[in-house]
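Novice: I am attaching a structure below and will ask some questions about it afterwards.
The values are calculated or read from the model by the stated rules, or taken from the named source; none is laboratory data. These figures come from a predicted structure and were not determined experimentally. All Cβ positions, even for glycine, are placed from backbone atoms using ideal geometry, and neighbour counts span all protein chains on display. The protein model used for the area step is the full one, side chains on, heavy atoms only, and it has no ligands, DNA or RNA in it. Shrake-Rupley method; radii C 1.70, N 1.55, O 1.52, S 1.80 Å.
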Amino acid sequence: MKRIGTFFLALTMAGAMVSCSSKSSSSDSNDQDKEFYGRGRTVGIALPTQNLERWNRDGVFLKEQFEAVGCKVDLKYADNNKDKQVEDIQSMIDEGVQLLLIAAVDKDNLSSTLDKAKEAGIPVVAYDRLIMNTDAITYYVSFDNYMVGAIQGEYIKEQLKLNETNNTYNVEFVGGDELDNNARFFFEGAYETLQSYIDSGKLNIVSGKNTFEQVTTPEWSTDNARANMKQLLADKYSDGTTLDAVICANDSTALGVTEAIQSDYSGTNHPIIVGQDGDVENLKNIVDGYQDMTVFKNVNDQAKVTLEICKLILSKETPSVSLLENLHVDVKYDTSTYNNGVKYIQSYLLAPYAIDKKNLQSLVDTGIYKWDSNNKYLDIVK
Ligand code: BGC
């Protein structure tokens, strides 16, 4: 129930989000940067994996933006291996970075490493994923993760016209990696948005898998998602039962689900498939009609907000939402949603939004994507 409250708060807060005055200009920010105390300092950035499109984008934007204000960047990817990430972070502490920015592979295994960062006086910012059981972090920069799932649920509700129809539909949930704190938020946002229809029997989860623990996908991997969906189709849908929709926590899992449906689903309908991230392969599937929607998160904006907060930390100032006002980014400040087991973490949450066939151009308008030479599919600009 708490999560529902948070979602409505998030929606009603939308109008109060920092939307950004037009006062920033490049000369303003250059002037500020001249005074920037962090110039010449090294920022250690630990990201989970290069196997997934979005983290490559995050790496490019973060490095570029930190270097543009004169910071040095040590960027390391952990190949989704939690032990490697501990080593990555330890080596950054040893080399004496002045700030750590971390998207954790495993939310639970960084406590003792971050104790060492704290002893060394290195501030730590949680990037995209919350880090649990540590008092070494004060700030968290992410998207409204619950809203990601809620947007997916809303989309299914609209596409199946759940408020107007008397039909019943069969749906399945495919979750993310349980080591990632975001994954539960995505699931709960989607599940709770659809819960009243599930409870009334209008939506039927044929597999019976209606808890987060039952639908997780290790490492968010396409292979695991494909294998799980093939198994599910064999077990529950091979008798001709219709599958109407699959809510996938992100695009790498949606890809596996789409492939399994293409190869193993015997029905003649097209099950609605939703994902998250706006990965190029999934956008291609949206153009071709195999996937329906992806929840897009502008990681260039996420990098901008992160940079601003890190600049203030490095300058020994206190970040506040009003200081983000000139960024032209929808971001809200939240101090009551993300508790990491030790305390509530001050969170800066950007707004996600739905992309389907009808608004692909809005991705091009972000400057991150471009149309390919045939004006049919989207590519990443860099
Ligand atoms: C991110 C998603 C991403 C997933 C898999 C999550 O923490 O928020 O954008 O798809 O990790 O890497």
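Novice: For the stretch 47-74, which positions are within 16 Å of the ligand (Cβ to nearest atom) and farther than 18 Å from PHE143 by Cα?
Specialist: THR49, GLN50, ASN51, VAL60
Novice: Can I ask one more? Given the conditions (1) touching a strand residue (DSSP E or B) at 6+ places or on another chain (Cβ under 9 Å); (2) more than 12 Å from the ligand (Cβ to nearest atom); (3) of a type in the set (A, V, I, L, M, F, W, C), and given that ALA104 satisfies all but one, which numbered condition is not satisfied?
Specialist: Looking at each condition in turn, ALA104 falls short on (2).
Novice: Moving on to the next point. I'd like the residue in the stretch 122-181 that is within 12 Å of the ligand (Cβ to nearest atom) and among the small types (Gly, Ala, Ser) and, out of all such residues, is nearest to the chain's Cα centre (by Cα).
Specialist: It comes out as SER142.
Novice: From (1) within 16 Å of the ligand (Cβ to nearest atom); (2) part of a helix (DSSP H, G or I); (3) buried (at least 18 other Cβ atoms within 10 Å of the Cβ), pick out the condition that doesn't hold for ILE247.
Specialist: It is condition (2) that ILE247 fails.
Novice: I would also like to ask the following. Any residue at all in the stretch 205-213 that's within 16 Å of the ligand (Cβ to nearest atom), open to solvent by less than 20 Å² (accessible area, probe 1.4 Å) and either in contact with a strand residue (DSSP E or B) (Cβ under 6 Å, 6 or more places away or on another chain) or in contact (Cβ under 8 Å) with a residue 12 or more places away in the chain (or both)?
Specialist: Of the stretch 205-213, the ones within 16 Å of the ligand (Cβ to nearest atom) are 212.
Now narrow it down to the ones that are open to solvent by less than 20 Å² (accessible area, probe 1.4 Å): 212.
Adding the requirement that they be either in contact with a strand residue (DSSP E or B) (Cβ under 6 Å, 6 or more places away or on another chain) or in contact (Cβ under 8 Å) with a residue 12 or more places away in the chain (or both) leaves 212.
Yes - at least one qualifying residue is present in the stretch 205-213.
Novice: Further question on the same structure: What pairs can you find where one residue is in the stretch 289-307 and in contact (Cβ under 8 Å) with a residue 40 or more places away in the chain and of a type in the set (Lys, Arg), the other is part of a helix (DSSP H, G or I) and surrounded by fewer than 22 Cβ atoms within 10 Å (Cβ to Cβ), and their Cβ atoms are less than 6 Å apart, with a gap of 6+ or different chains?
Specialist: Every condition considered, the pairs that remain are LYS304/LEU327.
Novice: Can you work out which of the residues in the stretch 194-204 that are at negative phi and open to solvent by 20 Å² or more (accessible area, probe 1.4 Å) is nearest to the ligand (Cβ to nearest atom)?
Specialist: GLN195
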